[in-house]
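The values are calculated or read from the model by the stated rules, or taken from the named source; none is laboratory data. Just so we're clear, the structure is a prediction, and the values are computed from it rather than from any experiment. Please note: Cβ atoms are built from the backbone with ideal geometry, for glycine as well, and neighbour counts cover all protein chains shown. Accessible surface areas use protein heavy atoms only, side chains included; no ligands, DNA or RNA. Shrake-Rupley method; radii C 1.70, N 1.55, O 1.52, S 1.80 Å.
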Amino acid sequence: MPARAMPTHPVVTTDLTRRFGLALPVIQAPMAGGPTTAGLVAGASEAGVLGSLGAAYTRAQDIPAEIRAIRAQTDRPFAVNLFFHQGRIAGADEIAAARRALEPLAARVGAELPADVSDAAPPLDAQIRAVLDEAPAALSFTMGLPPAGLVEAARARGIVLIGTATTPLEGRALIAAGVEMIVLQGADAGGHSGMFDADGPPPAFGWPALLEALAAEAAAAGVMLIAAGGIMTGRGVAGALAMGAAGAQLGTAFLSTAEAGTKPGHRRLLAEAAAAGEGRTVLTRAFTARQARKLLAAGEAMPVEPAELAAFPAQHGLTKPIRARADAAGVPEAQAWWAGAGAGLSRSLPVAGLVERLGQELAAALEGLTRSDR
């Protein structure tokens with residue numbers, strides 16, 4: 001196990017740092033599909049933040065091995081994240097229509113669309129059982145409410161449940177469900193929106209508005225609120241703390257770390273965004289039928305939404321071979337490199353170096369706030 005890199009004393013103490021023994025009130029966001037490798041999650045936790053494994057697309061039988069690979073590198077707390085998607089299931093006619101709509105794009109990149117997408121996402125019940133059996137420090141989730149009995153089952157195993165809200169109504173539903181923490185995911189966040197209703201309007205609330213709306217109710221219920229969406233630096237974390245959050249969750253900031261499983265094309269776009277000081281991002285449902293924020297390549301036009309969409313996860317399964325071929329075919333609009341609106345602030349560092357930089361920026365920002373109050 002590597003020597004621990006976290007500071008001896010926390011930069012600032014909040015309910016989040018106390019709950020997990022962190023040096024910084026930061027959660028490394030779970031990013032399913034490859035970025036959250038065992039090295040990234042363990043490295044983040046070793047450096048003093050809460051690492052998170054994005055396991056939404058991981059088969060239940062493979063989840064224990066992924067958790068144990070993290071535990072082989074750290075004895076610090078970390079979270080495992082799943083999609084609690086509770087939307088409608090795509091029927092055969094809907095899938096056939098979506099397949100026809102995607103055929104021209106598939107032909108452009110030289111991809112063959114799958115005949116069967118029934119395995120586009122693993123069964124959730126089995127995933128939940130696998131996580132409960134391994135008992136990580138936290139089970140975080142997005143896109144819905146915890147299934148019946150999960151709150152009690154997690155509590156019995158000492159697992160913290162962390163929900164995701166994109167609206168005040170979703171936040172209130174999570175408070176009523178009995179979760180211990182809620183990530184308030186603002187509209188600037190990269191990747192999938194955690195919105196409960198996949199067919200609803202695009203996310204519109206920023207995390208400051210969500211904090212304002214939910215702070216009193218969360219405090220009364222003893223629920224911690226975590227800000228997320230567009231936060232890339234320690235200054236952003238300080239801003240979240242100043243508004244009353246217990247911490248901040250950062251995802252895009254960790255995509256450029258050496259330990260992340262970020263694909264080369266994705267890294268290239270993030271580096272270009274950093275060099276330009278601005279990353280152009282856009283919300284789209286084209287790839288998974290759920291709202292998700294992708295990073296645009298230089299000169300890339302806005303993605304064209306297909307005429308027909310198959311409800312998640314079927315659309316994800318249909319577009320997977322298209323995305324796999326998009327970079328080699330030179331068709332950026334066929335690629336879904338997710339990133340938040342703050343992508344232009346990306347930094348290519350080892351995870352320990354990024355966390356150290358976040359801590360320095362947070363300490364300086366808090367010192368600045370203290371001086372301004374004198």
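Structure notes:
- Taking Lys and Arg as +1 and Asp and Glu as -1, the other residues whose beta-carbon sits under 13 Å from that of Ile226 total -1.
- When only alpha carbons of the chain are considered, Rg and Dmax amount to 19.8, 67 Å.
- Dividing the summed helix terms, -39500 (n - 2.57) for each DSSP H run of n ≥ 4, by the number of residues in the chain produces a 222 nm estimate of -12500 deg cm²/dmol to the nearest 500.
- Comparing Val355, Ala107, Leu270 along the charge dipole axis of the chain, the residue lying farthest to the positive side is Val355, per the Cβ-charge model.
- Sequence-distant residues sharing a close amide H with Gly206 (under 5 Å, placed H): Ala187
- Charges were assigned to the Cβ only: +1 to each Lys and Arg, -1 to each Asp and Glu. The resulting dipole of region 234-374 about its Cα centre is roughly 140 debye.
- Debye log10 I(q)/I(0) at q = 0.29 Å⁻¹ for region 153-213, Cα point scatterers: -1.24
- Among beta bridges identified by DSSP and lying wholly in the chain, the antiparallel ones come to about 20 percent.
- Tensor-based shape of region 120-183 (alpha-carbon gyration tensor, a/c under 1.5 rounded, otherwise prolate or oblate): oblate
- Normalised per residue, the accessible area of the chain is 40 Å², obtained with a 1.4 Å probe and no contribution from ligands, DNA or RNA.
- Placed amide H near Ile162: partners under 5 Å, 5+ positions off or other chain: Leu139, Ser140, Phe141
- Among residues other than Gly247 with Cβ under 11 Å from its Cβ, the summed charge is +1 (Lys and Arg +1, Asp and Glu -1).
- When every Cα-Cα distance of region 248-362 is counted in 5 angstrom steps from zero, the calculated P(r) takes the values 2, 12, 20, 22, 19, 12, 8, 4, 1, 0 percent.
- One Cα centroid belongs to region 236-307, the other to region 133-193; the line between them spans 22 Å.
- Peptides 179-189, 41-51, 253-263, 197-207 ordered by average Cβ neighbours within 10 Å, highest first: 41-51, 179-189, 253-263, 197-207
- One way to sum up the overall shape of region 88-213 is the equivalent ellipsoid from its Cα gyration tensor, whose semi-axes run 32, 21, 12 Å, largest first.
- Percent accessible area from carbon and sulfur atoms, the chain, protein chains only, probe 1.4 Å: 54 percent
- Across region 19-36, coupling constants 3J(HN,Hα) worked out from phi with the 6.51/-1.76/1.60 Karplus curve, θ = phi - 60°, read 5, 10, x, 8, 7, 10, x, 9, 10, 6, 5, x, 9, 5, x, x, x, 8 Hz, and Gly and Pro carry x.
- Put simply, the amide H of Ser52, placed in the peptide plane, has neighbours under 5 Å in Gln28, Ala79, leaving out anything fewer than 5 places away on its chain.
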